[in-house]
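A short worksheet on the structure shown next.
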Amino acid sequence: MCETKGEGHHHQHVAVHRNVMEANDAIATGLRRGFSARGVLVLNLISAPGSGKTALLERTLAQLQPLRVSVLVGDVETERDAERLRRSGVPAAQIVTAGTCHLEAGMVESHLPDVDQPKLDLLFVENVGNLVCPTAYDLGEDAKVVLVSTTEGEDKPLKYPAIFHRAELALVTKADLVPHLDFDREQLLENIQAVHPGMAVLEVSAKTGQGIDLWLDWIRAKVGEKQSLHA
Ligand SMILES: Nc1nc2c(ncn2[C@@H]2O[C@H](COP(=O)(O)OP(=O)(O)O)[C@@H](O)[C@H]2O)c(=O)[nH]1
Ligand SMILES: [Mg+2]
């Protein structure tokens, strides 16, 4: 949990936190079992606010046909992202967390019926914009994907190592802006590898489409892998 309680409540807080995590993990395990039985790949997208999660999905969704794709998107307030994503023609539902800084497995479980489809191949979960809180909450996904934009600074993997460690793929977004920035590409790539040696990294732009083919290839390979495992 991200909410901080007073110092005096520390032990109580730790115990409550443990129970919340256990409850979350139990629901996530059930979700994962259900998705696996159906061969549904689930990707949990995590980044700071504004790194380009929704823009990337807008660029991605239409090109994934004939795969059947749905999206759940979490935000603290508003339905704006779900409205943006529905324009891509795929079922998309908003999870409004009303202050909570991450999605929890129970929220995915209760909103899944809003976007579920027969023979679903792929569920994207766009998490609440935050590099810390979403990291600890298993949503039953196959993989976490972390996005870091070229405008955020090369040091972010070092400052937020947990998400870079846990994610399977890092997407360096807004690659089109590089000519306008003092962005040290080599330094960012080096910092990612320092935190997660061997991590897969793709440099993409939702604006120009740079790198999107490689991202689509990565997704399709994961969908194929999942379906062959659980056919
Ligand atoms: N130049 C550029 N801007 C982008 C790109 N992706 C997203 N943006 C912009 O960054 C802002 C935040 O994007 P959004 O997708 O809402 O980020 P989210 O909060 O991670 O979902 C918007 O103004 C987007 O237009 C990109 O690839 N290139
Ligand atoms: Mg968004």
Check: Between Asp176 and Val20, how many nm apart are label points set 7 Å from Cα along the C-beta direction?
Finding: 3.8
Notebook entry, point to check: So how much slack lies between Asp155 and Asp116, counting 0.36 nm per residue of separation and subtracting their Cα-Cα distance, in nm?
Noted result: 10.2 nm
Check: So who's got an amide H within less than 5 Å of the one on Leu45, skipping anything under 5 residues away but keeping other chains? H placed 1.01 Å off N, in plane.
Finding: Val125, Glu126, Asn127, Val145
Checklist line | With at most 12 neighbouring Cβ atoms within 10 Å, loop GluC sites (Glu not before Pro) (DSSP) excluded, longest segment of the chain | finding: 78-231
Margin query: Whole-Hz ³J(HN,Hα) for each residue in the range 38-52, computed from phi via Karplus 6.51 cos²θ - 1.76 cosθ + 1.60 with θ = phi - 60°, x for glycine and proline: what do you get?
Written below: 9, x, 8, 7, 10, 10, 9, 8, 10, 6, 5, x, x, 6, x
Next item on the list: Heavy atoms only, probe 1.4 Å: what % of the accessible area of the range 7-229 goes to carbon and sulfur, would you let me know?
Entry: 52
Checklist line | As computed over the chain, the Cα convex hull volume per residue (Å³) | finding: 130
Check: If you find the alpha carbon centre of the range 99-176 and of the range 60-75, how far apart are they in angstrom?
Finding: 14
Notebook entry, point to check: HN-Hα J couplings of the range 201-212 from phi, Karplus 6.51/-1.76/1.60, θ = phi - 60°, integer Hz, Gly and Pro as x?
Noted result: 9, 10, 9, 9, 9, 6, 7, 9, x, 3, x, 5
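Taking the solvent-accessible surface of protein heavy atoms with a 1.4 Å probe, what is the per residue accessible area of the chain in Å²?
47
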Notebook entry, point to check: Taking the simple approach of a point 7 Å from Cα along Cα-to-Cβ for both Ala162 and Leu216, what is their distance in nm?
Noted result: 3.6
Next item on the list: Could you pull the Rg and Dmax for the range 164-223, using just the Cα atoms, both in Å?
Entry: 12.2, 37
Next item on the list: Just flag the trypsin sites (Lys or Arg not before Pro) in the range 152-215 sitting in loop per DSSP whose Cβ has no more than 14 other Cβ atoms within 10 Å.
Entry: Lys207
Next item on the list: Work out how much length Arg185 to Thr208 would gain on full extension: take 0.36 nm times their residue separation and subtract the Cα-Cα distance, in nm to one decimal.
Entry: 6.5 nm
Next item on the list: Give a residue-ordered list of calculated ³J(HN,Hα) values for the range 66-82 (Karplus: 6.51 cos²θ - 1.76 cosθ + 1.60, θ = phi - 60°; whole Hz; x for Gly, Pro).
Entry: x, 4, 8, 10, 9, 9, 10, 10, x, 9, 5, 9, 6, 9, 4, 5, 4
Notebook entry, point to check: For the chain, modelled as a Gaussian network with Cα springs under 10 Å, which listed residue fluctuates most, Gln12, Gln63, Gln187?
Noted result: Gln12
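Out of the range 63-92, which trypsin sites (Lys or Arg not before Pro) are coil in DSSP terms and have no more than 15 other C-beta atoms within 10 Å?
Arg87
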Notebook entry, point to check: So, in the chain, how many Lys pairs have Cα atoms under 25 Å apart, if the pair is 8 or more places apart or on different chains?
Noted result: 24
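The values are calculated or read from the model by the stated rules, or taken from the named source; none is laboratory data. Computed from a predicted structure; not experimentally measured. No Cβ is skipped: glycine too gets one built from the backbone with ideal geometry, and neighbour counts run over all protein chains shown. Just the protein is used for accessible areas: all its heavy atoms, side chains included, with ligands, DNA and RNA removed. Shrake-Rupley method; radii C 1.70, N 1.55, O 1.52, S 1.80 Å.
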